[in-house]
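I have placed the structure first, in the form of structure tokens, so that the comments after it can refer back to it.
The values are calculated or read from the model by the stated rules, or taken from the named source; none is laboratory data. From a predicted model like this one, the values you see are computed outputs, not experimental measurements. Here the Cβ positions follow ideal geometry from the backbone for every residue, glycine too, while neighbour counts run over all protein chains shown. Keep in mind that these areas ignore ligands, DNA and RNA; they rest on the heavy atoms of the full protein, side chains included. Shrake-Rupley method; radii C 1.70, N 1.55, O 1.52, S 1.80 Å.
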Amino acid sequence: MNIQTPETQPSTPEQSPRTTSWSASLTAIVLDVILPLAIYYLARAIGADPWLAVVVAALSPAASVANTWIRSRRLDPTGVFVIAALILSLVVALFTGDERALMARESWITAAIGLWIIGSLATSRPFLLDVARKTSPPRMTARYDELWEGHTVFRRWMTLASVVWGLAFLIDAAVRVVLAYTAPLDLVPIAGVLVLIGLLVVGHGFVMLQAYRWKILKLLKPE
């Protein structure tokens, strides 16, 4: 019998930063996008009126904030903003009974994200660069830092990407307000998600086209 001692037993590989990041991203998508939609349409299917369905669905992003707090034992600025926007939206909904005002709350969040992405260009490390670093292996992280500090074309491309993604979120915010006050109530939640996905796909396609034209992918290969 071949008995493996602790020294000879294969160790369980640790999760890579990329795997951890994808896992966190998937969890965020489920809690922030899929769960609110599911709760809203389930509530409507069992006969809840639109106002109640919106209020119940609006509570679900709090689960995402709680998940972040449980994992890291801290509240990040985004989580604090989401909670503040949620409380303000619920106050408005309770005093006005206006489900459309509550539906428009998503525009506050996407507008804040857009301004955050663009505004981060004024800092030493833009938001998108920070995301790229955190989802890459150590060797690529060093390469990103090297290019950001010393390559004009890469800085131009990262600036372009930040502006395009930021504008996508700002446009989404404006469209969500229009949808919230003009579209049929049951169409607003899913339409808002589809609009954001469409804007991000178009924006990402444009950014990657410029990456091809400016040969950014070749720059990203570690020397």
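Roughly how many Å is it from the Cα centre of the stretch 41-73 to that of the stretch 98-142, as a whole number?
22
Can you sort W116, W165 by 1.4 Å-probe accessible area, starting with the largest?
Numbers: W116 115, W165 65 Å².
My answer, sorted largest first, is W116, W165.
With a 1.4 Å probe and all protein chains kept in place, how much accessible area does D130 have, in Å² rounded to the nearest 10?
Using a 1.4 Å probe on the heavy atoms, I get roughly 40 Å².
Pulled fully out, how much extra length does the chain show between D145 and V202, if you take 0.36 nm times their separation in residues and subtract their Cα-Cα distance?
Working: separation 57, 0.36 × 57 = 20.52 nm, distance 2.70 nm.
Between D145 and V202, full extension yields 17.8 nm more.
Could you give each residue of the stretch 145-162 its phi-based ³J(HN,Hα) in whole Hz, using Karplus coefficients 6.51, -1.76, 1.60 with θ = phi - 60°, and x for Gly or Pro?
Working through the residues one at a time gives 4, 4, 5, 5, 7, x, 10, 4, 5, 5, 4, 5, 5, 5, 5, 4, 4, 5 Hz.
Using the Cβ atoms and a cut-off under 10 Å, what net charge is assigned to the surroundings of R133, where Lys and Arg are +1 and Asp and Glu are -1? Don't jump to the answer; show the numbers that get you there.
Numbers: positive: R125, K134, R143; negative: D130, D145.
Local net charge: +1.
Rounded to whole Hz and in sequence order, give me ³J(HN,Hα) for the stretch 47-56 from the Karplus expression 6.51 cos²θ - 1.76 cosθ + 1.60, θ = phi - 60°, writing x for Gly and Pro.
Values, residue by residue: x, 5, 6, x, 4, 5, 4, 5, 4, 5 Hz.
How big is the accessible area of M140 in square angstrom, nearest 10, if you roll a 1.4 angstrom probe over the protein chains?
Accessible surface of M140 is approximately 30 Å².
Given a 1.4 angstrom probe, I'd like the percentage of the accessible area of the stretch 131-177 that is carbon and sulfur, rounded to a whole number. Mind dumping the intermediate values first?
Working: 1550 of 2350 Å².
Ligands and nucleic acids excluded, carbon and sulfur give 66 percent.
For the stretch 200-211, just list the computed ³J(HN,Hα) in residue order, Karplus coefficients 6.51, -1.76 and 1.60, θ = phi - 60°, integers in Hz, with x standing in for Gly and Pro.
3J(HN,Hα) across the stretch 200-211, in whole Hz: 5, 5, 5, x, 5, x, 5, 4, 5, 5, 5, 4.
Output the direction-averaged projected area (hull surface divided by four) of the convex hull of the alpha-carbon atoms of the stretch 109-201, in nm².
Numbers: hull surface 26.4 nm².
Convex hull of Cα atoms, orientation-averaged projection: 6.6 nm².
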